[in-house]
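Working notes, structure below.
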Amino acid sequence: MAISLNKNYSVSSCDKCESVRSSIFCKLSNTELSSLSEGKSHVSFKKGQMIFHEGNHTHGLYCISSGKVKIHKLGHDGKEQILRFAKKASIIGYRALLSEDVYHASATAIEDTVVCFFPKEVYQNKIISNPSLLIQIMKLLTSDLKTAEHMAMGMVQKQVKERIAETLLMLKDFFGLENDNETINVVMTRESIGNIAGTTTETTIRTLSDFQKKKIINLVGKKIKILNPKELLMIANITD
């Protein structure tokens, strides 16, 4: 695998990584983490570059060191369907690796991204020697399944404005806010927002414009500020 690192960016050894305690490797000892690092490589992707492609065979596991990624696939109509997102410390490609199957979705960088790549053998050896790692993987699998089920139910039961409001809140919760405590910390096209909410780009633009007129959000270029989170939550009609 070719390595293309940003000269101004350095990737830590796993035992020194700040994010490791929030990843599936959180139960590994420092010795095991150091050993894990010996088999990994660092790969950088520019915004828009694909990390892996739906239908390809898997050769290893990816852990995001920096940047943001979307997991997506093509629907029967040829349109992109965003399944979920990944950020720093997120693991991607693990399900295809566990099942020894092809990727059922693609992963694409939505901003410049650096990933750590762990070859299949290194990853599988760690699972065999440390059952607690398998437990963390099962927790991740359960969480991803829950998210997918929630999104599917929302698509069926909610109106468009509810789905778009919920999409904005989901982006805020997952990526966080910038230093102003209002701007969602990710750049997302109107098409992508509509894709997540299950509606057209045109409807998304109209709905966001309506939210802006009501001073619920503020559109600053491609970035979105949430001015009235309580109102957005009410529109989203989110219940536990």
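Considering segment 13-33, the residues that are under 22 Å from the mean Cα position of the chain (by Cα) and part of a helix (DSSP H, G or I) include one that is farthest from Ser132 (Cα to Cα), namely Cys14. Among the conditions (1) in contact with a Gly (Cβ under 6 Å, 6 or more places away or on another chain); (2) closer than 30 Å to Lys214 by Cβ; (3) modelled with pLDDT under 90, Lys120 misses just one, which is (2).
Scanning segment 60-99 for residues that are free of Cβ contacts under 8 Å to residues at least 12 places away in the same chain and farther than 21 Å from Ile193 by Cβ, which turns out surrounded by the most Cβ atoms within 10 Å (Cβ to Cβ)? The residue in question is Ser99. Among (1) in contact with a helix residue (DSSP H, G or I) (Cβ under 6 Å, 6 or more places away or on another chain); (2) buried (at least 16 other Cβ atoms within 10 Å of the Cβ); (3) closer than 30 Å to Ile235 by Cβ, where does Ile110 come up short? Every listed condition holds for Ile110 apart from (1). The residues listed here are Asp112, Asp101; of these, the one that is more than 15 Å from His53 (Cβ to Cβ) and of a type in the set (Asp, Glu) is Asp112. When Ile3 is tested against (1) modelled with pLDDT of 90 or more; (2) part of a loop (DSSP other than H, G, I, E, B); (3) under 25 Å from Lys126 (Cα atoms), only condition (1) is not met. If you filter segment 36-59 down to residues that are out of contact with any helix residue (DSSP H, G or I) (no Cβ under 7 Å at 6 or more places or on another chain) and of a type in the set (Ser, Thr, Tyr), you find that the one that is surrounded by the most Cβ atoms within 10 Å (Cβ to Cβ) is Ser44.
None of Ile193, Ile164, Ile184, Ile127 is in contact with a helix residue (DSSP H, G or I) (Cβ under 7 Å, 6 or more places away or on another chain), without any contact (Cβ under 8 Å) to a residue 60 or more places away in the chain, closer than 30 Å to Glu32 by Cβ and not charged (D, E, K, R) except Ile127.
The values are calculated or read from the model by the stated rules, or taken from the named source; none is laboratory data. Quick caveat, the model's predicted, so the values are computed rather than measured. So basically every Cβ, Gly included, is an ideal-geometry build from the backbone, and we count neighbours across all protein chains shown.
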